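Have a look at the structure below before the remarks.
The values are calculated or read from the model by the stated rules, or taken from the named source; none is laboratory data. The shown structure was predicted, so the numbers you read here are calculated from the model rather than taken from an experiment. Note that we place each Cβ from the backbone using ideal geometry, even for glycine, and neighbour counts take in every protein chain shown.
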Amino acid sequence: MFAILPAMSAGIPLSCQRGTTVVHDYGAILDKIPVLRVLLMNDVKEAQLSINGSYQITGSLTNIIDQGQGLQKTKISASNGGISIGNKRYDNSELRITGLRDGAIELNNIRYRGEIRIVQQFNNKFSVIEEVDLESFISGVLGSEMPQTWNEEALRAQAVTARTYAMYKKKVRRNEVYHLDMLELAYRGMSSESPRLNKIVQDTKGIVMVYDWNIFPAYFHSTCGGHTEDVGSVFGKDSMPPLSGVACNYCNNSKYSRWSTDVSKSEIERRLRDANIYVSNISTVKAIDPGAGKHGSRVEIVSADGSKEMNANDFRLVVGPNYLYSTAFDSRNNGQSITFTGRGWGHGVGLCQYGAQAMAEKGFQWAAILKYYYPKIELVRVY
Ligand SMILES: [Zn+2]
């Protein structure tokens, strides 16, 4: 993958509404759309496969070992060094299934555009990886990560953000079996695509954000609650200007801007225990060491076992990100439960989605939105 070098900058001026912006175009840095390896299923015992139209199956090498016309819904399983599709057994540790037209392959009722790889794992389990071109992947992510009805400038900003994140992952995991786990970005194959979203992705085709001419992990989240957070305080990674946090007065309308939730102590203790953290009779849970956006970077849990600290974002994910919305919280001990009162939803780093939508509604263009939430970036078209 590339470190992008600034040479022969032509520059494509885009609409200047609410902020002048230029997408640098250096010609073909990449000669074609990159292919992304996405982990769809990890270590499973079975999956349902169906194929619409002609298909072929190859092993880990390119030799064709089977082909056919359509396949009714059938079970994939793995056993004793082979992979079975329905009653047919293949003595291969990997199968690659290619449909000969878009969206021919359906796995567990979700259609995928790419080539599907079934890779055997230990204990008669297997994993499934899709090899899909990056633009199709972004079309599949967009409608799952942001409401499809939102302003198209916000959706364009989200498309560039997701593309940048995926390209970064492809770069850092280039030698790994897969680049991206589908749990990292909401992705459901073709099921959330629509002509409107595909057009919005197409409008920004090949455009990514770079800082200092390098791609970076363009994190994003639902609602920051007033100020986005520094990547260093949430993930312990080196801080950098695009991910150091900015004031955000745009997400006040999000229902997650201010929230309060009551969680029983026994539930918190049970969930922590499942994550191998043992506490009993909690008296206080405190978010400490806040970063620029006032999200706690660590959590101090005082219990009968004394005081324990852990990473605040890990605590949020363990306890439940769907009700402990962020780590920007105060808490109160109610005897049987703890009441958390907080701001925002998500880790708080990078683009604030509700903020992006409000900016778009005020007339800001997608590039201006990105330059607001990721200071000091450049926009570059790489293919
Ligand atoms: Zn915000």
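The set of residues in the range 30-86 that are part of a strand (DSSP E or B) and of a type in the set (Asp, Glu) comprises ASP43, ASP66.
Once the range 340-381 is narrowed to residues that are among the basic types (Lys, Arg) and either within 18 Å of the chain's Cα centre (by Cα) or in a strand (DSSP E or B) (or both), the residue that is farthest from GLU267 (Cα to Cα) is ARG381.
Of all the listed residues (LYS371, LYS376), the sole one being more than 16 Å from SER254 (Cβ to Cβ), among the basic types (Lys, Arg) and more than 16 Å from the ligand (Cβ to nearest atom) is LYS376.
Candidates are the residues of the range 86-96 that are buried (at least 16 other Cβ atoms within 10 Å of the Cβ) and out of contact with any Lys or Arg (no Cβ under 8 Å at 6 or more places or on another chain); the one that is farthest from LEU61 (Cα to Cα) is TYR90. Here the condition is being free of Cβ contacts under 8 Å to residues at least 24 places away in the same chain and among the β-branched types (Val, Ile, Thr); of THR74, THR62, it holds for THR62 alone. Within the range 352-368, the set of residues being near the ligand (Cβ under 9 Å from one of its atoms) and surrounded by fewer than 24 Cβ atoms within 10 Å (Cβ to Cβ) comprises ALA358 only. With respect to the stated conditions, SER244 fails to be within 30 Å of ILE215 (Cα to Cα), modelled with pLDDT under 95 and not assigned by TED's automatic domain parsing to the domain that holds MET310. If the condition is being in a helix (DSSP H, G or I) and either within 16 Å of the ligand (Cβ to nearest atom) or β-branched (Val, Ile, Thr) (or both), then the range 221-279 contributes VAL231, VAL234, PRO242, LEU243, ILE268. When the range 280-293 is limited to residues that are surrounded by 19 or more Cβ atoms within 10 Å (Cβ to Cβ) and assigned to a loop (DSSP other than H, G, I, E, B), the one that is nearest to the ligand (Cβ to nearest atom) turns out to be GLY293. Tell me, please, whether a residue that is within 16 Å of the ligand (Cβ to nearest atom) and buried (at least 24 other Cβ atoms within 10 Å of the Cβ) can be found in the range 198-217. Taking every residue of the range 198-217 in turn, none turns out to be within 16 Å of the ligand (Cβ to nearest atom) and buried (at least 24 other Cβ atoms within 10 Å of the Cβ).
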